[in-house]
Amino acid sequence: MSKKVIFILGSPRKKGNTNVLAREAMRGLAEAGIVSVEIDAPRLDFKSPGCISCYKCQQSKEYGCHIRDELGQAVSRLADHDAIVLATPLYWFSYPAQVKMFIDRMFSMIKFGEEHEILSPLRGKPMALLATAGGGVEENLELLDTQWRLPASKIDAPYRSCLFPFCQYAPGGVANDAAAMTKAAAFGRELASLLK
Ligand SMILES: Cc1cc2nc3c(=O)[nH]c(=O)nc-3n(C[C@H](O)[C@H](O)[C@H](O)COP(=O)(O)O)c2cc1C
């Protein structure tokens, strides 16, 4: 069966440059026969924004969010995939708020063992970041890179990132930037090679 990668699309701009580059990475994956699935995080419906610290996920043997809404269902689907890619613009040196809501709910995908070790069905699955920003990498995009690399390291997930500093602002304009598009497709192929 072909491998499946799930993309958490984080851009509030549906036709923004992050999604254009993410789809180019998906094209790179498709060349290797890998299927990509999208979660449009900013447009998921929710009963409660983010995690409400109910701890029901920690009291249950099952993994997954107990808030019955689209946000919870989308988070619970992560484990059905072979790799997770967060594709997001940088907002205030971090994720957009809509992405943070999703990531906080990812608490439901981990539990703590008797030795305080982290148990998760995501353990060992590659995690990746594709991120765009108006500014540079230093003291800017690198902060987001660290924020996604750290949770990956806690679950022994191989980590890769592809950063697009000084990205074009006009929605979809990056499609005319051959170097950026080539880089995104190559990133898709790099992720595919991790799944071989
Ligand atoms: C609310 C907001 C905050 C932003 N914060 C940053 C930032 O901290 N650093 C930066 O370099 N760019 C920042 N930007 C610019 C976006 O990261 C950049 O335009 C990005 O490529 C937009 O992606 P999109 O085309 O998918 O919407 C910000 C933009 C917005 C709207």
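Surface composition of the stretch 54-134: carbon and sulfur atoms hold 54% of the protein heavy-atom accessible area at a 1.4 Å probe.
Rounded to whole numbers, the Karplus 3J(HN,Hα) couplings from phi for the stretch 62-69 are 7, 9, x, 7, 8, 7, 7, 9 Hz, using 6.51 cos²θ - 1.76 cosθ + 1.60 with θ = phi - 60°, and x at Gly and Pro.
Rounded to the nearest whole Hz, the Karplus-based 3J(HN,Hα) values (6.51 cos²θ - 1.76 cosθ + 1.60, θ = phi - 60°) of the stretch 7-15 follow the sequence 9, 8, 7, x, 7, x, 8, 4, 9, with x at glycine and proline.
Using C-alpha pairs below 8 Å separated by at least 6 residues, the relative contact order for the chain is 29 percent. Per q in 0.23, 0.28 Å⁻¹, report the Debye log10 I(q)/I(0) for the stretch 113-180, using one uniform scatterer on each alpha carbon and no solvent. Each listed q corresponds, in turn, to -0.95, -1.15.
If you take the Cα atoms of the stretch 1-71, find Rg, then find the Kirkwood Rh from the mean of 1/r over all pairs, what is Rg/Rh?
Numbers: Rg = 15.6 Å, Rh = 14.4 Å.
That ratio is 1.08, to two decimals.
Note that the chain shows a convex hull volume over its alpha carbon atoms of 116 Å³ per residue. Solvent-accessible area per residue in the chain equals 50 Å², computed with a 1.4 angstrom probe and all protein chains kept. Listed cross-link partners K111/K183; K14/K56; K47/K100; K14/K196; K15/K100; K100/K125 are compared with a 25 Å cut-off, the Cα-Cα value being larger for K111/K183; K14/K56; K14/K196. Between amide H atoms placed 1.01 Å from N, distances below 5 Å from S36 occur with V5, all of them 5 or more places distant or on a separate chain. Among the chymotrypsin sites (Phe, Trp or Tyr not before Pro) in the stretch 1-100, those located in a DSSP loop and surrounded by at most 10 other Cβ atoms within 10 Å of their own Cβ are W92.
Hey, got a sec? Which trypsin sites (Lys or Arg not before Pro) in the stretch 15-63 land in a DSSP loop and have at most 12 other Cβ atoms within 10 Å? Answer by residue number: K15, K47, K61.
The values are calculated or read from the model by the stated rules, or taken from the named source; none is laboratory data. Keep in mind it's a predicted model, so treat the numbers as computed, not measured. So basically every Cβ, Gly included, is an ideal-geometry build from the backbone, and we count neighbours across all protein chains shown. Surface areas here come from the heavy atoms of the whole protein model, side chains and all, with no ligands, DNA or RNA. Shrake-Rupley method; radii C 1.70, N 1.55, O 1.52, S 1.80 Å.
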